[in-house]
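What follows is a short report on a single structure.
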Amino acid sequence: MSQMRQLTEGAEMSSCPSCEEPLESGDLYCGACGFDLSAAPEPVSADDHPTIAINGAAPQGGSAPQAPQAPQAPEVPQEPAASVQWPEAPDASTSTHHPGELRGTDSSGGELPGAGAPAAEPAAAVRFDHPQGADEYALQAPDPRTVAPAAATPPAGTKLCVACRTGTVDQDGYCEHCGHAQPRERDHMERELDAVAAVSDRGLRHHRNEDAFAVSATALPDGSPAVVAIVCDGVSSATRPDEASAAASQAANESLLASLPRGTHPQQAMHDAIIAASDAVNSLAQDPAHAREHDPHRHQNAPACTLVGSVIAGGLLVVGWVGDSRVYWVPEDRTAPAARLTEDDSWAAQMVAAGLMNEEEAYADERAHAITGWLGADAYELEPHTASFKPDRAGVVVVCTDGLWNYAEGAAEMAAVVPADAAERPLHCAQVLVGHALDGGGHDNVTVAVLPFSLTPQGAGSA
């Protein structure tokens, strides 16, 4: 319809089709209600079948629809049989309804599931926690205002990504969802018992932690306590050094826990523990297929590590070692001198022992840390070192790898780093010492065990 035709028809109207107010000739809008006369519909013929309005009002045949005058209700004609039967809303005091209160029909005219259920009592206020009974028509999705999104619960023991907390971690240590590399369990380890504590850290330069430790406590046959600390450092140039250190520390610890309660002298027990650790590392070399699992073209050699340990039992302080890891004695009274209780199996130590270099010159050489003794199938004849001491005062024993003593080499330097309350807080002391190594550069893995040593009160007449 053209605009000119609409204007002509609007001018011929005698009353507004909206409010039925009289119109004047040439009016484009109703002066009473503002109705746009140009938008008035064309007359409807008697043969037309217009679409039924949503409110049920039907247009009068042959003329413009007449708006019902309040308060008279519009006349609702009978609807065709094929049309949708709209349900009547219940007389409620509120316009809010819950699922199941109104019946419905689908596109074919049939009732929806639950349509025959009795209508629920109208609520006096909006409630979002209305329970849905078995006969109610359930929503396709829960109300997001009241129901938190349900996350799938992973099976027990599933390791989740530390970054996205949704993806699982594959065997290579990467998240299958976001690809984030997961921290290894051995990157930082801490353990504390009543009389011993240990801390191990990967450091700042290495891609993995090749150190390992074991701390434990047991009792001698007379019931007196015995405390054990074993620290191992994997040889980086060897194959699978992390496995070697773990195997050695576990085997030595188990050997000591088996022999000390039987009454074996602590120094002999330490010697036997080093032998057991060596056997455990040697057995790793008998599995070359496992060694080549990830890199079949890499040169393979025997797994290797160093070992140092300490046992405090019966008033004795026993140490044992193979390699260049160390034990320091730091007295509680710092006016007394500290001491290093081990001698390195290294090139520098041999130069000093032979009188060819002083200690400062030897450890400044690039060959200083080349070890001359270690645990492994390709090691020379195994020579476990053990020593026994009987301190006359209280103090702490520091068992560590070169990842620490590289930053506090001398006994006095180590004593200066050990906190004054180390005997009361051994774990804190170990944490401080690891932090000292990291602050110094953290070029190597660093592992520290701290054992407080206290004097046993002697009875009257004792020497």
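The values are calculated or read from the model by the stated rules, or taken from the named source; none is laboratory data. All values reported here derive from a predicted model rather than from experimental measurement. Because the Cβ atoms are built from the backbone with ideal geometry, glycine has one as well, and the counts that use them run over all protein chains shown. Only protein heavy atoms, including side chains, enter the accessible area calculation; ligands, DNA and RNA are left aside. Shrake-Rupley method; radii C 1.70, N 1.55, O 1.52, S 1.80 Å.
Structural remarks
- Among the numbered conditions (1) open to solvent by 50 Å² or more (accessible area, probe 1.4 Å); (2) in contact with a Ser or Thr (Cβ under 7 Å, 6 or more places away or on another chain), the only one that residue 401 does not meet is (1).
- Residue identified as within 20 Å of residue 320 (Cβ to Cβ) and more than 29 Å from the chain's Cα centre (by Cα) among 238, 195, 214: 195
Residue-wise test of (1) farther than 16 Å from residue 446 by Cα; (2) open to solvent by less than 30 Å² (accessible area, probe 1.4 Å); (3) touching a helix residue (DSSP H, G or I) at 6+ places or on another chain (Cβ under 6 Å).
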| site | (1), (2), (3) |
| --- | --- |
| 217 | yes, no, no |
| 226 | yes, yes, yes |
| 232 | no, yes, yes |
| 237 | yes, no, no |
| 250 | yes, no, no |
| 257 | yes, no, no |
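- Filtered residue count, segment 159-181, keeping only those that are in a loop (DSSP other than H, G, I, E, B) and in contact with an Asp or Glu (Cβ under 6 Å, 6 or more places away or on another chain): 3
- Matching residues, segment 182-201, being open to solvent by 50 Å² or more (accessible area, probe 1.4 Å), part of a strand (DSSP E or B) and within 15 Å of residue 451 (Cα to Cα): 190, 191, 192
- For segment 378-434, the set of residues classified as polar (S, T, N, Q) and in contact with a strand residue (DSSP E or B) (Cβ under 7 Å, 6 or more places away or on another chain) consists of 386, 388, 401, 431, listed by residue number.
- Of the criteria (1) within 30 Å of residue 286 (Cβ to Cβ); (2) touching a Leu at 6+ places or on another chain (Cβ under 6 Å), which one residue 389 fails: (1)
- Boolean, residue 331 is buried (at least 16 other Cβ atoms within 10 Å of the Cβ), within 44 Å of the chain's Cα centre (by Cα) and more than 21 Å from residue 448 (Cβ to Cβ): no
- Condition met for residue 262 (of a type outside the set (S, T, N, Q), at pLDDT below 95, in the same structural domain as residue 445 (by TED's automatic domain parsing) and open to solvent by 10 Å² or more (accessible area, probe 1.4 Å)): no
- Test for residue 246: is it open to solvent by less than 20 Å² (accessible area, probe 1.4 Å) and either within 39 Å of the chain's Cα centre (by Cα) or at positive phi (or both): no
- Residue 204 meets all of the listed conditions (1) within 30 Å of residue 172 (Cα to Cα); (2) open to solvent by less than 20 Å² (accessible area, probe 1.4 Å) but one, namely (2).
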